[in-house]
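> The structure is given below, and queries will be raised subsequently.
The values are calculated or read from the model by the stated rules, or taken from the named source; none is laboratory data. The structure presented is a predicted model; accordingly, all values stated were derived computationally and were not measured. Virtual Cβ from ideal backbone geometry, glycine too; neighbours counted across all protein chains shown. Only protein heavy atoms, including side chains, enter the accessible area calculation; ligands, DNA and RNA are left aside. Shrake-Rupley method; radii C 1.70, N 1.55, O 1.52, S 1.80 Å.
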Amino acid sequence: MVLESLTLNAAAKLGIPFAESIITDIVISTLHHYLKSGKNRKRTERIVARSLTKYISDLYGKCSVIHTIAFQNSPKKLTDLYVPLTIATPELEPKISLDKDFDIFPFGKRQLLVDRAGMGKSTAVKWIIKTLIERKNYFPILFELRNFKGNQNLTEEIFKSIGMPVDSSSQFFVDLPVLLFFDGFDEIPIDDTLEILQEIRSFINKHPKTFILISSREQPELSEFHDFRRIHIESLSKLEANQLIKKYDAETGLSKDLIKELENSGDRNLEEFLTNPLYVSLLYCAYRHKPSIPRKRYLFYSQVYDALFESHDLTKRPGYIHQKHCKLDSGDFHKILRRLGFWCLIHENKLDFLKERLIDVLSDFERNIPGIKFSAADFLRDLIHTVPIFLKEGNTYKWTHKSLQEYFAAMFICMDSKGKQEDILLRLYRKNNFWSYLNIIELCVEIDYGSFRKTLLKECLENFVKHQNTFLRNFSNRRVKPFDLEYRKSLLFDCIAEIEVIKEVSDESLKGLLEEPFQGNEFERGQGIEKNFVFRKNISFYYQKTVFIVTIGHGKDYQILDLIQEKEPQIFHRISPTVIEQNLRKVKDSSIPLDKPFVVGENSKSTYNNSKNFHLINCILAQFFNVALIYEEVYNLIDKIDTECSDDLSDLVNEI
């Protein structure tokens, strides 16, 4: 089977019958209620109806195609490259497979889709909207937040985007079956985040019955959507990953070799990569160019870049190299992309440009990078056609995927920043918007762990030592065992936790608990921004139907530690799951407060901190905390890092 291309215009034409039906059956009869009265009201209604029809058909077209660098950004049918994604919640039930027959409403009318880079958030939103349009029962609106500015009115901008007069009545969102999708909260310009957050929050409060889904990577500001039900995309199974590889390889049969090699590798890192739809597509792209499997993420991107630069068209024979308009070789072309990736990083994570602005930025590089001469216009032409790292949409030029920009930015930090690398890493770490740079920092950990270790990790470990010496300093209950006290300190380093214990839950109550919206609460509200924490809810079940609901807020130090568990395993506590289970059995007969959430704090007189419950609370927390540190090992590692820093490369240099 040959994967056919499908242009946006052709896809939009396919959406016209659906759009006409939606406007005729849902909108047209009440449209006059939302427009201001005037002399030419009937004419205005006809014009607006045509605009809304065009909006829905264009939206259908946009959501029917997918651009992927595996096919040089040539638009392909979404259905040809789509393996149904599964949406789940923290409490695990219900799970929704996004196939043709999905029902998204069991999650309620307030949904927060949060997941990692490349997990398919935008693809999921596309599939949902496309399917809803085909059902003809709803009026979906896709609003990309990266284009929204802090000084704009959200209601007016939404109306403008769909072709309604900006002075239309917002009752439109209440009376009609409107479904609003705010895509890419994490792509909002950094300086506008709080202002835009307030505008979105105001819009939500004014339209409590309107369906709203917000998609984003993890951000502290998301705690302000405490009344939303948090959902995520389940990792791909091996079967789903193999299905996706086969869909990408519709012509060559190369997928059989790739799948066989993956099955024989036994590499745990590869298994993790195969859970991520983006990495699966990159893996196929890289393997098509060179039949070897990269073991690290940055090597994935590097091999994909080589494939794009050297082969241009992966549907052509291996070894075919397309002439570059800018006349740069692979190394210099990569160097310009590294500079551009970093430029975007320091300019509020900018992902898209008007042509004139991008030409100006590239021309500035040409003037200031010694030894490299090129035409900015030719380089841009290559970016779109011969080395398709960028995608052209109307008048806008944008990175094919945000993670590609982050890869090149990380490579700039580790390869081009010379003596400033450590300073850059620390600046990113110390910024209030640290979470916006997390994917870049993860890549830097892979590319140059040594520099990361003696900067970010060292500062993080020093913060831990300060915490251990101050937290619970005035705790006066001497009957609590010293190990339990030190372990509690470690568990709550850069963390806060709220626990609710529900004992002897009946089958009916348990079913209701799982099915009711699992939303945030006042514990989260405000603290995300104030403490720069991100939050997650966890639920577990133990003996005699005891239910533990634990809400955890953690900061950047906790996140940094989570990145290095395999590299520095000696500094982490490892409590046996069997020991935890044995202790959790005792909770049902303890005096731990029931059915009422409590925040785990420092008060030695609290019931949960008495000598009998202290250890049990630690065990409840230990189910979900995986970065508790051992003080002595941390101290030893800091000392070792200091020794390594002082030695550095002096011995090797002295040999010259």
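> Would you mind checking which residues have amide H under 5 Å from Lys503's amide H? H placed 1.01 Å from N; only 5 or more apart, or other chain.
Residues meeting the criterion, in which the H sits 1.01 Å from N, are Val547, Asp595.
> Now, a different point. Given H placed on each backbone N at 1.01 Å, which residues far from Leu113 in sequence or on other chains put an amide H within less than 5 Å of it?
Ile214, Ser215, Ser216, Ile231
> Sticking with this one: Apply the Karplus parameterisation 6.51 cos²θ - 1.76 cosθ + 1.60, with θ equal to phi minus 60°, to every residue of the stretch 233-241 and state each ³J(HN,Hα) to the nearest whole Hz, in sequence, with x for glycine and proline.
9, 5, 4, 5, 7, 4, 4, 5, 4
> Read phi for every residue in the stretch 458-472 and hand back ³J(HN,Hα) as whole Hz from Karplus 6.51 cos²θ - 1.76 cosθ + 1.60, θ = phi - 60°, with x for Gly and Pro.
Working through the residues one at a time gives 4, 5, 4, 5, 5, 5, 5, 4, 4, 4, 5, 8, 10, 5, 6 Hz.
> If I take the Cα coordinates of the stretch 450-499 and project them onto the principal axes, what are the three extents in Å, biggest first?
43, 23, 16
> Dipole magnitude of the chain about its Cα centre, charges +1 at Lys/Arg Cβ and -1 at Asp/Glu Cβ only, in debye to the nearest 20?
Numbers: 90 positive and 92 negative charges, 327 e Å.
Value, rounded to 20: 1580 debye.
> In the stretch 1-123, with Lys and Arg counted as +1 and Asp and Glu as -1 at Cβ, which of these residues, Phe105, Phe71, Leu35, has the Cα nearest the positive end of the dipole, that is, farthest along it?
After comparing all options, I get Leu35.
> Another one. How fast does the chain diffuse by Stokes-Einstein, in µm²/s, taking the Kirkwood radius from C-alpha pairs at 10 °C and 1.306 mPa s?
The calculation lands on 58 µm²/s.
> What's the carbon and sulfur percent of the chain's accessible surface, probe 1.4 angstrom, rounded to a whole number?
Whole-percent figure for carbon plus sulfur exposure: 48.
> Another question, then. Students often check this: by mean Cβ neighbours within 10 Å, which of 416-426, 48-58 ranks highest, and how do the rest follow?
Going from most to least packed, we get 48-58, 416-426.
> With both partners inside the chain, how many of the DSSP beta bridges are antiparallel, as a percent to the nearest 5?
Working: 35 of 53 bridges.
Looking only at bridges with both residues in the chain, the antiparallel portion is about 65 percent.
> Residue by residue through the stretch 617-627, what is 3J(HN,Hα) from phi via Karplus (6.51 cos²θ - 1.76 cosθ + 1.60, θ = phi - 60°)? Round to whole Hz and write x for glycine and proline.
With coefficients 6.51, -1.76 and 1.60, one gets 4, 4, 5, 4, 5, 5, 4, 10, 9, 10, 10 Hz.
> Short version: what are the Cα gyration tensor semi-axes of the stretch 28-71, square root of 5 times each eigenvalue, largest first, in whole Å?
The answer is 34, 8, 7 Å, longest axis first.
> Would you tally the net charge around Leu340, using a Cβ to Cβ cut-off of less than 11 Å, leaving Leu340 out, and scoring K and R as +1, D and E as -1?
Spelling it out: positives minus negatives among the neighbours equals +3.
> Pull up all non-local amide H partners of Ser604: gap of 5 or more, or a different chain, and H-to-H distance under 5 Å with H placed in the peptide plane.
It is Ser476, by chain and number.
> Which log10 I(q)/I(0) values, to two decimals, does the stretch 432-479 give at q = 0.15, 0.26, 0.32 Å⁻¹ under the Debye formula with one point per Cα?
Normalising to I(0) and taking log10 leaves -0.57, -0.98, -1.08.
> Further, regarding this structure: I'd like to compare 270-277, 180-187: which one has the highest average count of other Cβ atoms within 10 Å, and what's the full order after that? Write out the running numbers ahead of the final one.
Values: 270-277: 18.9, 180-187: 22.0.
By packing density, highest mean first, the sequence is 180-187, 270-277.
> Work out the charge dipole of the chain with +1 on the Cβ of Lys and Arg and -1 on the Cβ of Asp and Glu about the Cα centre, then indicate which of Gly394, Ile214, Phe535 is farthest towards its positive end.
My answer, from the dipole projection, is Gly394.
> Ranked highest first by average number of other Cβ atoms within 10 Å, how do 16-27, 143-154 line up?
16-27, 143-154
> Roll a 1.4 Å probe over the protein heavy atoms and report the accessible area of His573 in Å², nearest 10.
Accessible area, nearest 10 Å²: 40 Å².
> Work through the residues other than Gln468 whose Cβ is under 9 Å from its Cβ and net out their charges, Lys, Arg +1 and Asp, Glu -1.
+1
> Largest first and in whole Å, give the semi-axes of the stretch 24-155's equivalent ellipsoid, each being the square root of 5 times a Cα gyration tensor eigenvalue.
Semi-axes (√(5λ), whole Å): 31, 19, 17.
> Probe of 1.4 angstrom, ligands and nucleic acids ignored: what's the accessible area per residue over the chain, in square angstrom?
45
> Also: Per residue of the chain, what 222 nm ellipticity follows from adding -39500 (n - 2.57) for every DSSP H run with n ≥ 4, rounded to the nearest 500?
Counting only the DSSP helices, I get -13500 deg cm²/dmol.
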